[in-house]
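> The structure is given below, and queries will be raised subsequently.
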């Protein structure tokens, strides 16, 4: 079976690796260059997008911000999963919030902003501090502002005006203000839904962010209340969207109550640990789902963690001396803060996983790999 992935980054790369044992042949569409490429070798195929769409059996995506003309072409083929609604929802916070309200899933109180009076009203009704985000373009902590006092309103509005002005009639840029939620931790739920409505959901993952970028994820057995809330949200959203593929939902844990932060209609950074923590990784289950194959097991086989490698061209070789530690590289050119790869760690118990993280913290610089010691202490109790 042939699959075309819209996007040619690391997620398409890992989908290709996961699909190979299932005899799934993956090509990727580079949105920037408009080339059809091999997601592992970078080889350019001599065919345009329409020819590739006609040639493959299934089309899917590794990111949300797909140009409308590309999305329309792929949707018309009847081969595209998870579908236009899901991609549009994941790429626009205003649509996302409306969906959450519709299915009655808790999220932070919010107000859409298109003029200064809306910002002033948001401050009055939601209070301070506020998190202000671009609805369509922000990710990994970018395109965001923090409003803590009235004195910031004029400056933030000026910056927001400049951003809104860069939009167009076909691709407008809008802004949303959210009440800043005092949360205990950030967690995510990742699951898969197939074409027949069957679902398989992974254990809740605990996430550590630094400057808005995910740096560390931990998967271990958590309390049933947290897991059941995450699963219920997944089932509501996946069912409402008639979703096919892997869907990720990021939450704030507010004293045991989960509130949705963001939805990602794709495989997700916080699910990379599934490559060795489960029998079927998120990448394999996404390929299974969109290709009409039975979903694989999402049961946690052993406590696992994932460390993002940000802006580093290599890792100390002694990292790989630790048992059950594997590195995954994305084949990217080095840039500061860029996601270059990740490190997966597994162990037979939480305590042993904590011990391994403690050992890695002595090898990996704290400035480049924050949060490892903190996670180690958490796991060791």
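The values are calculated or read from the model by the stated rules, or taken from the named source; none is laboratory data. Since this is a predicted model, take the numbers as computed values, not measurements. For neighbour counting, all protein chains shown are included, and Cβ atoms are generated from backbone atoms with ideal geometry for every residue, glycine included.
> Which one of these is over 21 Å from the mean Cα position of the chain (by Cα) and closer than 26 Å to residue 15 by Cα: 361, 347?
Working: 361 fails: closer than 26 Å to residue 15 by Cα.
Going through 361, 347 in turn, the sole match is 347.
> Considering only residues of the range 365-375 that are surrounded by fewer than 21 Cβ atoms within 10 Å (Cβ to Cβ) and over 20 Å from the mean Cα position of the chain (by Cα), which is nearest to residue 221 (Cα to Cα)?
So the residue we want is 374.
> For residue 317, are the conditions met, namely being assigned by TED's automatic domain parsing to the domain that holds residue 193, out of contact with any helix residue (DSSP H, G or I) (no Cβ under 7 Å at 6 or more places or on another chain), touching a residue at least 40 places away in the same chain (Cβ under 8 Å) and surrounded by fewer than 18 Cβ atoms within 10 Å (Cβ to Cβ)?
Numbers: assigned by TED's automatic domain parsing to the domain that holds residue 193: yes; out of contact with any helix residue (DSSP H, G or I) (no Cβ under 7 Å at 6 or more places or on another chain): yes; touching a residue at least 40 places away in the same chain (Cβ under 8 Å): no; surrounded by fewer than 18 Cβ atoms within 10 Å (Cβ to Cβ): yes.
No; evaluated as a whole, the condition is false for this residue.
> From the list 32, 19, exactly one residue is part of a helix (DSSP H, G or I) and either in contact with a helix residue (DSSP H, G or I) (Cβ under 9 Å, 6 or more places away or on another chain) or on the phi < 0 side of the Ramachandran plot (or both). Which is it? Even if it seems obvious, please write down each step before you answer.
Values: 32 fails: part of a helix (DSSP H, G or I).
After applying the criteria, what remains is 19.
> Touching a residue at least 40 places away in the same chain (Cβ under 8 Å), closer than 18 Å to residue 188 by Cα, out of contact with any helix residue (DSSP H, G or I) (no Cβ under 9 Å at 6 or more places or on another chain) and part of a helix (DSSP H, G or I) - does that describe any residue in the range 258-271? Let's see the steps before the verdict.
At the first step, the residues of the range 258-271 found to be touching a residue at least 40 places away in the same chain (Cβ under 8 Å) are 258-271.
Subsequent filtering for residues that are closer than 18 Å to residue 188 by Cα retains 258-271.
Of the ones still in play, those that are also out of contact with any helix residue (DSSP H, G or I) (no Cβ under 9 Å at 6 or more places or on another chain) are 259, 261, 270.
Within this subset, residues satisfying the condition of being part of a helix (DSSP H, G or I) are 270.
The answer is yes; a qualifying residue exists.
> So, one more: Quick check: anything in the range 327-344 surrounded by fewer than 18 Cβ atoms within 10 Å (Cβ to Cβ) and within 14 Å of residue 217 (Cα to Cα)?
No, there is no match, as no residue in the range 327-344 is surrounded by fewer than 18 Cβ atoms within 10 Å (Cβ to Cβ) and within 14 Å of residue 217 (Cα to Cα).
> Right, next: Pairs under 6 Å by beta carbon, first residue more than 11 Å from residue 177 (Cα to Cα) in the range 126-139, partner at pLDDT 90 or above, six or more apart or different chains?
Sorted first by the residue in the range 126-139, then by its partner, the pairs are 136/92.
> Then there is this: Out of curiosity, is residue 26 under 24 Å from the mean Cα position of the chain (by Cα) and either assigned by TED's automatic domain parsing to the domain that holds residue 331 or assigned to a strand (DSSP E or B) (or both)? Don't jump to the end; show me each part of the working.
Working: under 24 Å from the mean Cα position of the chain (by Cα): yes; either assigned by TED's automatic domain parsing to the domain that holds residue 331 or assigned to a strand (DSSP E or B) (or both): yes.
Here the answer is yes, as residue 26 does meet what is asked.
> In the range 320-335, what residues are under 18 Å from residue 358 (Cβ atoms) and in contact with a strand residue (DSSP E or B) (Cβ under 7 Å, 6 or more places away or on another chain)? Show your work before the answer.
To start, the set of residues in the range 320-335 that are under 18 Å from residue 358 (Cβ atoms) comprises 320-325.
Listed by number, the residues that qualify are 320, 324, 325.
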